[in-house]
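The values are calculated or read from the model by the stated rules, or taken from the named source; none is laboratory data. All values reported here derive from a predicted model rather than from experimental measurement. Here the Cβ is made from the backbone with ideal geometry for all residues, glycine too, and neighbour counts use every protein chain on show.
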Amino acid sequence: MSQEPLRVGLLLERMEVSRDEYESLRRILSDHPVDLTIVAVSNREDISWGSADYNNPIVYLLTELLKNRPWVLVEADFRIGKLLEDQACTRLEKEVWGKKNVSELLDYHNADIVEYDLESTEGTPQYEVRGEVVDQFRENADVIVNFEHGILDGDILEATTYGVLSFHASDIRKYRGRPPHVWQYINNEPFVGNTIQQLTPVLDGGKPALIKHQEISPTDTWWDLKYNVSGMQAEMYSAVIGQILGADFDPDTLDSLGTLTHSSDKQRWSVVARILGKNWTRRVKRGIASALGGSTAE
């Protein structure tokens, strides 16, 4: 007896998504017997998560420094890395970063494409999906895959049998919020974690469906780490969909949650100095080891 396809709904900010998100959807659709039944796209026009104007890098650099936002120096380090032909920087730009349109993945799925309203919840940093789309998910999907970068709350979280699945770039048992992976890197931790969680109203405090770790090599720069963790999101989403299809999906509430940090925390001069210090220490050691034909291990 053939298995009924899992009905998957997709929550998007735009039809263009990150390459990691695109690959995640591609893996879900190609690895498993699923039907993509509904694709909901935000009708907001003011979405600007993580956007920045790089048209004039000197003006951007000076403007950010005048605003006391030193993370721009880490971004400048990436540009320098490219000039130095740093493989990780080159690969990140060519293979990982940038946007792709999910439309081409929809060709073999008769998904309804709808718009939704995203409204802020008064007194909180969270947003609720409003309108008929919640009922559409309830009627036509078994699970929702979330590529909406706002912090979700409200009826959408319980609209489907398996809830809303969302990727968080840290092990939420230790780190919640943003920025991803910074603390593990500067604190010389042996690995970074990533989580696929079934969302709850608690900020980055959902029920983990899967947590996986990636080793941080003693020779990794920040850009090596960013490249090495790319691809984990797609692998993890596919694994969790496999859990659902295999009747092995049983996320549970955690007894304790990790420290909650914020994007603004990366703007500390001490954080930036430690990242740049580690980057350049490791680059210099690599250069010396390469010249001597020896090992780069610390």
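The table for this structure:
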{"item": "Whichever residue in region 233-262 is surrounded by fewer than 20 Cβ atoms within 10 Å (Cβ to Cβ) and of a type in the set (A, V, I, L, M) and, among such residues, is nearest to Pro180 (Cα to Cα)", "result": "Leu260"}
{"item": "Unique residue being closer than 27 Å to Asp248 by Cβ and touching an Asp or Glu at 6+ places or on another chain (Cβ under 6 Å) when the list is Gly206, Gly193", "result": "Gly193"}
{"item": "Helices (runs of 4 or more DSSP H) completely within region 1-106 that count 2 or more residues being of a type outside the set (Val, Ile, Thr), at pLDDT 95 or above and under 22 Å from Tyr237 (Cα atoms)", "result": "19-31"}
{"item": "Residue selected from region 99-135 under the condition over 23 Å from the mean Cα position of the chain (by Cα) and exposed (fewer than 12 other Cβ atoms within 10 Å of the Cβ), by the criterion farthest from Leu36 (Cα to Cα)", "result": "Gly123"}
{"item": "First in region 87-101 and under 19 Å from Asp220 (Cα atoms), second anywhere and of a type in the set (S, T, N, Q) and at pLDDT 95 or above, Cβ under 7 Å, 6 or more apart", "result": "Ala88/Thr221"}
{"item": "For Trp223: the one exception among (1) among the hydrophobic types (A, V, I, L, M, F, W, C); (2) closer than 29 Å to Phe78 by Cα; (3) in contact with a strand residue (DSSP E or B) (Cβ under 9 Å, 6 or more places away or on another chain)", "result": "(3)"}
{"item": "Region 169-219: number of residues that are aliphatic (A, V, I, L, M), within 21 Å of Ala234 (Cα to Cα) and assigned to a loop (DSSP other than H, G, I, E, B)", "result": "4"}
